[in-house]
Each structure stands twice: as structure tokens, then as C-alpha cells.
């Protein structure tokens, strides 16, 4: 029964998002003529924007979430029959992809950060509207992610909080859908350029290397989208391309990437070559006709406000973005937090070790030798070997004696240069694969390889080779997840059929208990010492005023 309920909600959420996608496809067809699969990804950005906005006024409880999802289901019912012929093929692929992804959803053990701040922050969104100064309560509340806000919309009756991992599933599923249809359309048009092979490699990578949803956190979902972002930017320079359509897709992708993790704001660098195309084609005014451009702007604006209300900073832990004059500002803590993140990323700290002089360690390249010893071997080296093995397989699958000359456009060099700049920034400031390294290292290798292999095109068995690699990667994805579930059954006594939910204990709810404890202390203060409590500027008793309590306690 529990498994049936779990899958029923899983299907309902997907149907709701399809409903919104159909709705956007219909009413904005004259202004945002993009493929349906991108409207599905755009629906996730719309969900996130709505979640950001309503968080200022309401908690994301059962009523709030049911209204949003039920609206999507109604839109699905109303529009599906009208668009049945057009989206029939999409429904087949969606059913296939998300049918496979069910086994990734089934998990007992979550990643280490889940009880630390992923679950507590998402649960907090379901219980309270905006709490000013929440970053003072829990260190991890200083860096909110849009995936928490997306997951908070899946807090629903009966299933409660057991779908807080649904966001990663949706991003992976719709990304797979985008890449499959990109390959399908290019094959139909007989466009076998480097973008075709880059799309294929990206599909293979995310399904083989990112098979475990529990490890996605806030980082891997963004890195999946980064692959697609670079593919779309390269596509911008193809012949006979609708530039406005590509821009719309880039708004959707950047909106999701930047809101997932604060430091991904650096990927706005990708707009530099794009702005030249916008200027060249005189398309600036067209932005104001684009629905997703506004969603992109609103999502960024609301996230900035939430960051300010949480920590007093636009971008924590970048101290220059903090407002020191705000009562709840974490201006003084931002620098030390930034140094700590950098120390951890540079292998200067771990569960069982700390360097003696962290301040000096993170300067310049002082950390490189230790990083090489502690992290590069064997974490990065094993990853690179895995990439090399994947490239060897693809090379021998498509290699042919027939060789053609390919002219590389100068714009492609500029995009690749942006990737190299981002790679250097990653290596210099936060050289941990989880902090953007997976996608950057892979792209730096995939792009030149795709250019090279696209010279050797043999049409013989070409379609069968593509299908084989796609099916092979999905089999690996499914097989590794089946093996993971089997291990969890044996190690944790995971009852996948009768109780398919991930494991929770009191640690996951510690922040909510901390909130309630502080309010009780405040109420006692009012009873015992009325004068002292009135020093809280006369504000009404509310969890939104916790920062004043903290200020008094200090």
C-alpha cells in the first residue's frame, strides 16, 4: 500500500508539471515558440518562482501545495485531449524515462547533508513563512537553494515529507528528455556535428556517473543543466537557427542553475558571447516579450530578497555583499565561513583532519601539493579515468577511416574559452568535484573530443550505434540502482515494498524543535521580566522576530 501511494503521488506530480507545460505551450506559442520538453523544464522554474514568492506570506502546507499541484492536474486534463496528437510521442518518452527513474527515487539512505540542512530547511518552508534572520539559527540556513523551495511544494497529505528528493528526479528526467529529443531531431535532420556528439556524451555521462539521486544534493542537478547550457550556447552558432528560441532556453537553464547554488552566478559569464549575438541581431527589445525572461528575473530577485532576510547578505558568504547595518546581518561571520568552505574544498579539512595554519594554507597555491595527495589521488584521478574509458568506448563505436574537414567557428572558441576560465576559477577557489568540477572537467574533455570524432562519420549502423549507447547507459543506470537498493535492503533492512521511504530520525527535525524552544523561552521571558522583553522593539510574538531574541541573548 505504501509503495502504491508513493508511486501515485510520483505520477501525479509529473502529470501536474506536464499540465503547466501544456498550458504555457498553448498561451505563449506566439512569443515563446520552444520545444515542449523545454516548457516542462520551464515549468520547474515557474514552480520555484511561485515557491519563492509565496514563502514571504505563507507556509507551504498541505492546502498551499495541493492548490498548486491540483491546478496542474486540471490543466493536464483540459489540454491533453486537445494536444494528444502533438504530445503523444512525448508521453511515451516521459513514461519510459520516469518509469526507469522510479528505482532511483526508492532509497533508504540519503546523503550526508540531507539531515544537516536539506531536509530541515525544506521542512521549515512547510511549517513557517519567512523567518527573518534564520541564518543566525543554523549555519546551513545561510545558503538557501531553489531545490529546497521546489521540494517544499511536494509536502502533501498522506505522503507528508517523503518526496523531498523529487526535485532532483524531475531535473534529471526532463534533462534526459531534452537530450534525447535533441539527438532525435539532429538525427532526423542528418546533422552529425560536434554538438550532436556533445549531446550524446552528456546523456551518457549524467546517467552513468550521476546515477544515485541521494548524491545529487544542490550541486549535481545544476551540473546536469550546465551540460545542456553549453550545448544550447554552441547551438546558437548553427546555421538556420531561431536565435530567440535559443535565448528562451538559456533563460530557463540559467534561472535554474543560478538559483540552485549561489556560486553558479559565475555562469553568467556565458552571457558575454551571447550578448554579442543579441547586439548583432538587434534583439534586446524582444526580451520584453518573453515570458521566461520575466520568470528568470523574478526568480533571481526573490532569491536575493530571501538571502538578505536570511543572512543580511545578497550572496553569502561573500562579505562585500553583506549589509552590516541590518540587525540580523552575518557580515562578520561571512569571511570566516568563506575561508572554511575554501579550506574544505582545498583538502585542508575533512572528517578526520585539519591543517595547522588554515589562513596561510588557502592563499595562492600553497594548498596544491596537499590537495594532490589528499584529493586528486584518488578522487579526481579516478573520475578522469572513468571519463577516459567512456571516451574510448565512444571513439571505437564511431571511428571510421572516412575523414572529413570541419571548419570551427570562432564563436565556438570563445565559448570554450569561457569554460576554461570557469575551470580555472573552480580550481583556484573551490577545487572539489561536487562544487562544479564534474561538469567542467567533463566539458573540457568532451568538447574537443566531440569536434574530433565528428570528422569520422560512417552512416553504416549509425542509428543502431546511437540507440545501443543510449540503452546501454540506461541499463547501467538501472543496474547500479538495483544493486544500491539490494545493498540497502541487506545493510539497513530497507523494506522497499512495504515502506519505500527514506530514513528519518530526530536529527532531521532538530531545527524545528529549536524554533519552538526559543519561542517558549521568549514567552517565559515575557512572564518573568516584562521590561527586558519589551526591549524587543515592541514587536508581536512571532518566529519572524527570532533575530531579536538572538540579539538579546548575545
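I'd like the residue in the stretch 126-161 that is under 19 Å from the mean Cα position of the chain (by Cα), at pLDDT 95 or above and not in a loop (DSSP other than H, G, I, E, B) and, out of all such residues, is surrounded by the fewest Cβ atoms within 10 Å (Cβ to Cβ).
Applying the filter and picking the extreme gives 148.
When the residues of the stretch 469-488 are narrowed to those that are surrounded by 12 or more Cβ atoms within 10 Å (Cβ to Cβ) and free of Cβ contacts under 8 Å to residues at least 40 places away in the same chain, which ends up nearest to residue 104 (Cα to Cα)?
479
Within the stretch 102-118, can one find any residue that is surrounded by 23 or more Cβ atoms within 10 Å (Cβ to Cβ) and in a helix (DSSP H, G or I)?
Yes - at least one qualifying residue is present in the stretch 102-118.
Check 50, 34, 27, 103 and return the single one that is closer than 26 Å to residue 3 by Cβ and in the same structural domain as residue 12 (by TED's automatic domain parsing).
None of the others qualify; the one that does is 103.
Can we say residue 277 is over 20 Å from residue 341 (Cβ atoms), at pLDDT below 85 and outside the structural domain of residue 186 (by TED's automatic domain parsing)?
Yes; evaluated as a whole, the condition is true for this residue.
Considering 458, 439, 450, which residue is out of contact with any strand residue (DSSP E or B) (no Cβ under 6 Å at 6 or more places or on another chain), part of a loop (DSSP other than H, G, I, E, B) and in contact (Cβ under 8 Å) with a residue 60 or more places away in the chain?
Checking each option against the conditions leaves just 458.
If you check residue 39 against the conditions, is it in contact with a strand residue (DSSP E or B) (Cβ under 8 Å, 6 or more places away or on another chain) and in a helix (DSSP H, G or I)?
Considered against the rule, which asks whether it is in contact with a strand residue (DSSP E or B) (Cβ under 8 Å, 6 or more places away or on another chain) and in a helix (DSSP H, G or I), residue 39 comes out as no.
Looking at this structure, is residue 47 in contact with a helix residue (DSSP H, G or I) (Cβ under 7 Å, 6 or more places away or on another chain), in a loop (DSSP other than H, G, I, E, B) and touching a residue at least 24 places away in the same chain (Cβ under 8 Å)?
no
I'd like to verify a number: residues in the stretch 337-377 that are in a helix (DSSP H, G or I) and under 26 Å from the mean Cα position of the chain (by Cα), how many?
Final tally of qualifying residues: 11.
The values are calculated or read from the model by the stated rules, or taken from the named source; none is laboratory data. All values reported here derive from a predicted model rather than from experimental measurement. Quick reminder, even Gly has a Cβ in these numbers, built from the backbone with ideal geometry, and neighbours come from all protein chains shown.
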